[in-house]
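S.K.: So that we are looking at the same thing, I have put the structure below in C-alpha cells.
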Amino acid sequence: MTVDLFSLDGKVAAITGATRGIGRSMAIALAEAGSDIALLQRSKEFLGVKEEIERLGRKCFIVNCDLENASEVSEAISSVVAYFGKLDILVNNAGIQRRSPAVDFAEEDWDAVMNVNLKTVWLLCQQAGRQMLKQGSGKIINMASLLSYQGGITVPAYAAAKGGVAQLTKALSNEWAAKGVNVNGIVPGYIATDMNEALINDETRSRQIIERIPAGRWGQANDFKGAVVFLASDASAYIHGHLLAVDGGWLGR
Ligand SMILES: NC(=O)c1ccc[n+]([C@@H]2O[C@H](COP(=O)([O-])OP(=O)(O)OC[C@H]3O[C@@H](n4cnc5c(N)ncnc54)[C@H](OP(=O)(O)O)[C@@H]3O)[C@@H](O)[C@H]2O)c1
C-alpha cells in the first residue's frame, strides 16, 4: 500500500533542538509515524517532549549536549546507537540567530552561530554517516533556510552558516546516495516560533512579510510534520541532495 511508504515503524530517529518550535513538532511527527526518538538537547531538566513521545507509545532517550561545543557532541551518535542498537534517521534542526550590522558583529556571536548552525551539524552528519554507511541505510535531514539562498540583512553569520548547510547537504548526498543514505534538507520560510518573536511583534514588518508570502500567512511549526516524515521515510527513497521548501510559496515569488 502506498500509505505504508510513509510508515516509520521500528525506526530510530535522533533530532536536535526539539525542546520547542519546529523541532518539537517534527519529533512528535516522527514518533506518531512510528519511530523511537533520541532527543539531543542541552537541558537536563526539561522532560516535556520526552513525556509526549512516551505517551504515544514510543521509546525516548535524551542525550545531553550543548551544540555550541564540538566536544559535547563527540559521543552523541554513539550514545544513541549504544541505547537503541542503530540509527535510521538524523534531523539536524537546532539553530540560533544573532542580529547586528556587519561592521559591529561580535566575533563570539559569529562563533556561536557557526558552531550551532554549521559545525556541529557537520559533526553529527559525519558520525551518523559512519553508522548509516555500515548499516547500508539511513536518512539525514538538515534544516536550511531562505538564507541558504539570500543574504539577508544584519545576519551575516546566519546566512553564511545556512548557505553552508545547503552545500554540505549536497556534498554528503553526492558521496552517500549510492550507499543507501539519503541526505536532504528542509527550507523553512517565515515560521511563527520563538526565533521570530521580535518580527512577529513588529506589526508593520509582520504585515509586510505576510503580504509577500503567497499563502498569506506565517508558517506554523506543525507545517513541518508532513515534510519531515516524507524525507525520513521510504516515500523519499530516490530523493537525494534536495532542499524542500516549506515556505508558503515565498521562494517561488
Ligand atoms: N522560525 C523560522 O522562521 C525559521 C526560518 C528558517 C530556518 N529556521 C531553522 O529551523 C530550525 C528550527 O527553528 P525554530 O524557529 O524552531 O527555532 P527555536 O524555536 O528558536 O528553537 C531552537 C531550538 O534549538 C535549540 N538550541 C539552540 N541552541 C542550542 C544549543 N547550543 N545546544 C542545543 N540546542 C540548542 C533550542 O534548545 P533550547 O530550548 O535549549 O534553547 C531549541 O530547541 C533552526 O535551524 C532555524 O535556523 C527557522
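S.K.: Among the residues of segment 135-157, which ones are surrounded by fewer than 24 Cβ atoms within 10 Å (Cβ to Cβ) and within 23 Å of ARG212 (Cα to Cα)?
M.R.: Answer for segment 135-157, where residues must be surrounded by fewer than 24 Cβ atoms within 10 Å (Cβ to Cβ) and within 23 Å of ARG212 (Cα to Cα): LEU146, LEU147, SER148, TYR149, GLN150, GLY151, GLY152, ILE153, THR154, VAL155, PRO156.
S.K.: Given the options GLU72, GLU68, name the one that is surrounded by 15 or more Cβ atoms within 10 Å (Cβ to Cβ) and free of Cβ contacts under 8 Å to residues at least 12 places away in the same chain.
M.R.: GLU72
S.K.: Within segment 86-94, is even one residue touching a residue at least 60 places away in the same chain (Cβ under 8 Å), more than 16 Å from the ligand (Cβ to nearest atom) and surrounded by fewer than 19 Cβ atoms within 10 Å (Cβ to Cβ)?
M.R.: Checked segment 86-94: at least one residue is touching a residue at least 60 places away in the same chain (Cβ under 8 Å), more than 16 Å from the ligand (Cβ to nearest atom) and surrounded by fewer than 19 Cβ atoms within 10 Å (Cβ to Cβ).
S.K.: Let me ask something else. Which of the residues spanning segment 123-156 are in contact (Cβ under 8 Å) with a residue 24 or more places away in the chain, within 23 Å of ALA18 (Cβ to Cβ) and among the hydrophobic types (A, V, I, L, M, F, W, C)?
M.R.: LEU123, LEU124, CYS125, ALA128, MET132, ILE140, ILE141, MET143, ALA144, LEU146
Per-residue answers, yes or no, for (1) aliphatic (A, V, I, L, M); (2) modelled with pLDDT under 95:
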residue: GLY136; (1), (2): no, no
residue: LYS162; (1), (2): no, no
residue: ALA177; (1), (2): yes, no
residue: GLU197; (1), (2): no, yes
residue: PRO214; (1), (2): no, no
residue: LEU231; (1), (2): yes, no
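Per-residue answers, yes or no, for (1) among the aliphatic types (A, V, I, L, M); (2) more than 18 Å from SER145 (Cα to Cα); (3) surrounded by 18 or more Cβ atoms within 10 Å (Cβ to Cβ):
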{"position": "ASN182", "(1), (2), (3)": "no, yes, yes"}
{"position": "VAL187", "(1), (2), (3)": "yes, no, yes"}
{"position": "TYR190", "(1), (2), (3)": "no, no, yes"}
{"position": "ASP194", "(1), (2), (3)": "no, no, no"}
{"position": "GLU197", "(1), (2), (3)": "no, no, no"}
{"position": "ASP223", "(1), (2), (3)": "no, no, yes"}
{"position": "GLY226", "(1), (2), (3)": "no, no, no"}
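S.K.: Inspect all residues belonging to segment 198-209 and state whether any of them is farther than 30 Å from LYS134 by Cβ and in contact with a strand residue (DSSP E or B) (Cβ under 9 Å, 6 or more places away or on another chain).
M.R.: no
S.K.: While we're here: Name the pairs: first residue in segment 96-122 and over 22 Å from GLU75 (Cα atoms), second residue acidic (Asp, Glu) and buried (at least 16 other Cβ atoms within 10 Å of the Cβ), Cβ to Cβ under 7 Å, at least 6 apart or on different chains?
M.R.: These pairs meet every condition: ARG98/ASP109; SER100/ASP109.
S.K.: Go through segment 173-225 residue by residue and tally those that are within 20 Å of MET26 (Cβ to Cβ) and in a loop (DSSP other than H, G, I, E, B).
M.R.: Qualifying residue count, segment 173-225: 8.
S.K.: Which one is nearest to the ligand (Cβ to nearest atom) among residues in segment 144-162 that are touching a helix residue (DSSP H, G or I) at 6+ places or on another chain (Cβ under 8 Å) and more than 15 Å from LEU118 (Cα to Cα)?
M.R.: Ranking the candidates gives LEU146 first.
S.K.: Still on this model: Kindly evaluate ILE15 against the criterion of being closer than 18 Å to ILE141 by Cβ and either within 13 Å of the chain's Cα centre (by Cα) or assigned to a strand (DSSP E or B) (or both).
M.R.: yes
S.K.: Step by step: first the residues of segment 3-47, then only those that are among the polar types (S, T, N, Q) and touching a residue at least 60 places away in the same chain (Cβ under 8 Å), then the one that is farthest from the ligand (Cβ to nearest atom). Which residue is that?
M.R.: Checking each candidate, the answer is SER7.
S.K.: So VAL165 clears everything in (1) touching a residue at least 40 places away in the same chain (Cβ under 8 Å); (2) within 12 Å of the ligand (Cβ to nearest atom); (3) surrounded by fewer than 18 Cβ atoms within 10 Å (Cβ to Cβ); (4) hydrophobic (A, V, I, L, M, F, W, C) except one condition, right? Which one?
M.R.: (3)
S.K.: Follow-up. So which residues in segment 39-72 are of a type in the set (A, V, I, L, M) and under 15 Å from ARG20 (Cα atoms), if there are any at all?
M.R.: Passing the criteria: LEU39, LEU40, LEU47, VAL49, ILE53, ILE62.
The values are calculated or read from the model by the stated rules, or taken from the named source; none is laboratory data. Bear in mind the structure is a predicted one, so any value in this text is a computation, not a measurement. Positions of Cβ are backbone-derived with ideal geometry, glycine not excepted, and every protein chain shown enters the neighbour counts.
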